[in-house]
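Accompanying notes for the structure given below.
What follows is calculated from the coordinates using simple rules that are stated; it is not laboratory data. A quick note: this is a predicted structure, and the numbers were derived from the prediction, not measured. Backbone-built Cβ (ideal geometry, glycine too); neighbour counts: all protein chains shown.
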Amino acid sequence: MKKILIINGPNLNLLGRREPDIYGYDTMEQSLARLREKYPSLPIEYFQSNHEGAIIDRIHAVGFDTDLYAGIVLNAGAYTHTSLAIADAIKAIQIPVIEVHISNVASREPIRHTSLIAPVCLGSIAGFGLTSYFLAAQAIIMNPDR
Ligand code: DQA
């Protein structure tokens, strides 16, 4: 089975401690453990960075490897709303990218209503807490082109 790469952007290393009323009390490590338990045969890689360039480098590193990777699940954090560079990186690669948000960005401040990456992603999932990552993984698994 091909791999899925989950990329988390800035401040998402603080999950479990960061604004728990919005992002919950679970850590990403707990969520990844549940995901791996649910899909034991699915190889899941995880990468988190607070740096825009590091995220772009990782997208480039895997994005042309269509034999090895089924897709990327990307929570770009606040870069979602600002980074044309990440949008360009997604546009450049060959594997699908699913945009993920833990919170329902549409119900938050207006600046979070704009996503520069949404138009270049296969689809977007938001508002289901850490379950958003499960749903995105499932979307990649079910994508007929994978
Ligand atoms: C987020 C939403 C973004 O607006 C915010 O900057 C984040 C997290 C989410 O998962 O809900 O860092 O991407």
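Things worth noting here:
- Cβ crowding within 10 Å averaged over residues, with 91-104, 70-83 ranked highest first: 70-83, 91-104
- Long-range amide H partners of Val100 with built H, under 5 Å: Leu74, Asn75, Ala76, Ile125
- Label-to-label distance, nm, for residues given as Arg36 and His113 (7 Å Cα→Cβ offset): 4.1
- Distant-in-sequence amide H partners of Ile6 (H built 1.01 Å from N, under 5 Å): Glu45, Tyr46, Phe47, Val73
- Taken over the chain, the convex hull of the Cα atoms encloses 94 Å³ per residue.
- Charge sum, other residues only, whose C-beta stays under 13 Å from Ile102's C-beta, Lys/Arg counted +1 and Asp/Glu -1: -1
- Fewest neighbouring Cβ atoms within 10 Å first, the residues Lys38, Lys2 line up as Lys38, Lys2.
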